[in-house]
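**Student:** Structure below; questions to follow.
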Amino acid sequence: TRFVAVLLCLYTLYIIYNISRALKQKIHTTQQSAIMGSLKHSIITFSKAQCSAWVASAADFAVTLALVNFFGIWYGYATFIGALSGGMVNCAINYRWVFHAFGMKKKYIALRYMFVWGVSIALNTLGTCQVTEMTGLNYVISKAIVAVLVAVLWNYQMQRIFVFHEGRRSVQKTE
């Protein structure tokens, strides 16, 4: 639990730093159309990422529910395996459709994605177990609550900033 709290604190500081950096960049931009274009692009990218997350979550939940209900596997293990399955679906969709990362080397994306998704799996698994044990909620409800929080606060942010960052494309194309 302390490890998760420390990770969330570090992540919060990282997001605050990036927001302040982005705001400084926006302030220096003088063209209103560039700001609106960037905002429109951000909204479209976020919407596409959420659609990708829904598809990945469907795969995640399907695997989790099948493992628990048909194979009798403990919900904690099933959550881990489901999150792993959903992660593979999410990475494939994000690479092609959301972030259009065709110019980036796949091995670099895979390494960064594995780090981000490893933390995501830990947050989903530990969060689901914690919420279920602390509240007595059904594990499916706990999993849904945790999945939404992790998807928006961790997965999207880290994929946008770290895994599929547009600035990395031009660097990797020249390598």
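**Student:** Restricting attention to the range 96-112, does a residue exist that is of a type in the set (D, E, K, R), open to solvent by less than 50 Å² (accessible area, probe 1.4 Å) and either farther than 11 Å from Val163 by Cα or within 16 Å of the chain's Cα centre (by Cα) (or both)?
**Tutor:** First, pick out the residues of the range 96-112 that are of a type in the set (D, E, K, R): 96, 105-107, 112.
Of the ones still in play, those that are also open to solvent by less than 50 Å² (accessible area, probe 1.4 Å) are 112.
Retained after the next criterion (residues that are either farther than 11 Å from Val163 by Cα or within 16 Å of the chain's Cα centre (by Cα) (or both)): 112.
The answer is yes, given that some residue of the range 96-112 is of a type in the set (D, E, K, R), open to solvent by less than 50 Å² (accessible area, probe 1.4 Å) and either farther than 11 Å from Val163 by Cα or within 16 Å of the chain's Cα centre (by Cα) (or both).
**Student:** Same structure, new question: Using beta carbons and a limit of 6 Å, which pairs, at least six apart or on different chains, have the first residue in the range 81-98 and farther than 14 Å from Ala122 by Cβ and the second one outside any helix (DSSP H, G or I)?
**Tutor:** Short answer, once both residue conditions are applied: Tyr95/Ala101.
**Student:** What pairs come up if the first residue lies in the range 116-142 and is farther than 17 Å from Gly86 by Cα, the second is part of a loop (DSSP other than H, G, I, E, B), and their beta carbons are under 7 Å apart, counting only those six or more places apart or on different chains?
**Tutor:** Every condition considered, the pairs that remain are Gln130/Thr1; Val131/Leu137.
**Student:** Within the range 119-154, how many residues are of a type outside the set (A, V, I, L, M) and open to solvent by less than 40 Å² (accessible area, probe 1.4 Å)?
**Tutor:** The first filter runs over the range 119-154 and keeps only residues of a type outside the set (A, V, I, L, M), leaving 120, 124-125, 127-130, 132-133, 135-136, 138-139, 142-143, 154.
Narrowing further to those that are open to solvent by less than 40 Å² (accessible area, probe 1.4 Å): 120, 124-125, 127-129, 132, 139, 142-143, 154.
Count: 11.
**Student:** Pick from Leu65, Leu39: which is open to solvent by 80 Å² or more (accessible area, probe 1.4 Å), aliphatic (A, V, I, L, M) and either at pLDDT 85 or above or over 19 Å from the mean Cα position of the chain (by Cα) (or both)? Steps first, answer last, please.
**Tutor:** Working: Leu65 fails: open to solvent by 80 Å² or more (accessible area, probe 1.4 Å).
That would be Leu39, the only listed residue that is open to solvent by 80 Å² or more (accessible area, probe 1.4 Å), aliphatic (A, V, I, L, M) and either at pLDDT 85 or above or over 19 Å from the mean Cα position of the chain (by Cα) (or both).
The values are calculated or read from the model by the stated rules, or taken from the named source; none is laboratory data. Nothing here was measured: the structure is a model prediction, and the numbers come from that model. Ideal geometry is used to build each Cβ from the backbone, glycine not excepted, and the neighbour counts take in all protein chains shown. Note: areas computed on protein heavy atoms with side chains; ligands, DNA, RNA excluded. Shrake-Rupley method; radii C 1.70, N 1.55, O 1.52, S 1.80 Å.
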